[in-house]
Amino acid sequence: RITDPAQVEAAAKVLREEVGTPLDGAVGGRDATVSLLPDQRIRIAFVSAAMESQAAKAVDQSIEVIRRRIDELGTKEPDIRKQGTGRIYIAAPGESDPQKLRDIIGKTAKLTFHMVDENADPVEAQQGRVPPGSMLVPGDDFAPYYVIRRRTFTTGEQLIDAQGTFDQQSARPVVSLRFNAKGAKAFGETTTNNVGKRFAIVLDNKVISAPTINGPIPGGSGIITGSFTVETANDLAILLRAGALPAP
């Protein structure tokens, strides 16, 4: 909604020039439309051709992610192919643990890192009073909910490697992470500037760990701690190595 009525047309013009990307077969050749509504409101929407294109791309990307996940499990000669417009057919002859295969295939595995909003009250947030720029997400064994900053400082897309291993101090199963140069830089800068504060490791919109930053973490590596068994730590490492699905 544009508060100044005199600026509505100008705002719509800027949006029409800036929003969306070129798409063959779309209205005006772009994947989004901009239209004026009453009460100085502007509506931006994807055209149907763009939605269909994104859905097809998500299926194609998902096939590659699923193939990497199944390969990590050591499954022999799986048959993975597109079926229709929104389904993927998977056959794994001789698979001894089909439920585990379903579990590995079915998780989105979107990993993001956020700062915890230390000034927010999780109880008030559960009643709908969430500070601007933050969000309420389900928690881990230490807290049922956390209020975290919406902005991520790095994501699973910047991971180079993930391995199930053991914490040297507690000997408990953990997942070790290694980031690329961009992720390492963001991780190092964020931890340097926020010593004493907490950051949240979020998997599929649920906090799996919210450690306190005891000091700068340079070098682009770290660990995820939590209520892991050896098997669940290895399974999470498989998902993170293979990458997140583009859609649930």
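Any read-out appearing in this document is the output of simple, stated calculations on the displayed coordinates, not a laboratory observation. None of these values were measured; they are calculated from a predicted model. When we count neighbours, we look across all protein chains shown, and the Cβ atoms used for this are built from the backbone with ideal geometry, even at glycine.
So the values come out like this:
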item: Vicinal HN-Hα couplings computed from phi for the stretch 31-36 (Karplus, 6.51 cos²θ - 1.76 cosθ + 1.60; Hz; Gly/Pro x); result: 8, 9, 10, 10, 10, 8
item: Sorted peptide list for 144-154, 92-102, 235-245, 207-217, criterion being average Cβ within 10 angstrom, highest first; result: 235-245, 144-154, 207-217, 92-102
item: Neighbour net charge for Leu23 - beta-carbon separation under 9 angstrom, K R +1, D E -1; result: -1
item: Relative contact order (%) - criterion: Cα under 8 Å, at least six apart; region: the chain; result: 18
item: Cα-centre dipole for the chain with unit charges at Cβ (Lys and Arg positive, Asp and Glu negative), debye to 20; result: 240
item: Phe142-Asn180 FRET efficiency (beta carbon distance; Förster radius 22 Å; 0.05 resolution); result: 0.15
item: FRET efficiency, 1/(1 + (r/R0)^6) with R0 25 Å, evaluated for Asp121 and Arg150 via beta carbons; result: 0.90
item: Value of relative contact order over the stretch 152-208, rounded to a whole percent, pairs C-alpha under 8 Å and six or more apart; result: 29
item: The stretch 1-68: proportion of alpha-carbon pairs further apart than 21 angstrom, %; result: 42
item: Positive minus negative residues near Pro132 (Lys, Arg vs Asp, Glu; Cβ under 13 Å); result: +3
item: Built amide H within the under 5 Å cut-off of Leu23, gap 5+; result: Arg30, Asp31
item: Relative contact order for the stretch 171-248, counting Cα pairs under 8 Å that sit 6 or more residues apart, in percent; result: 40
item: Charge sum, other residues only, whose C-beta stays under 12 Å from Gln40's C-beta, Lys/Arg counted +1 and Asp/Glu -1; result: 0
item: Percent of Cα-Cα distances greater than 18 Å, calculated over the stretch 101-179; result: 59
item: The stretch 119-161: C-alpha gyration tensor shape, a/c 1.5 cut-off, then a/b vs b/c; result: oblate
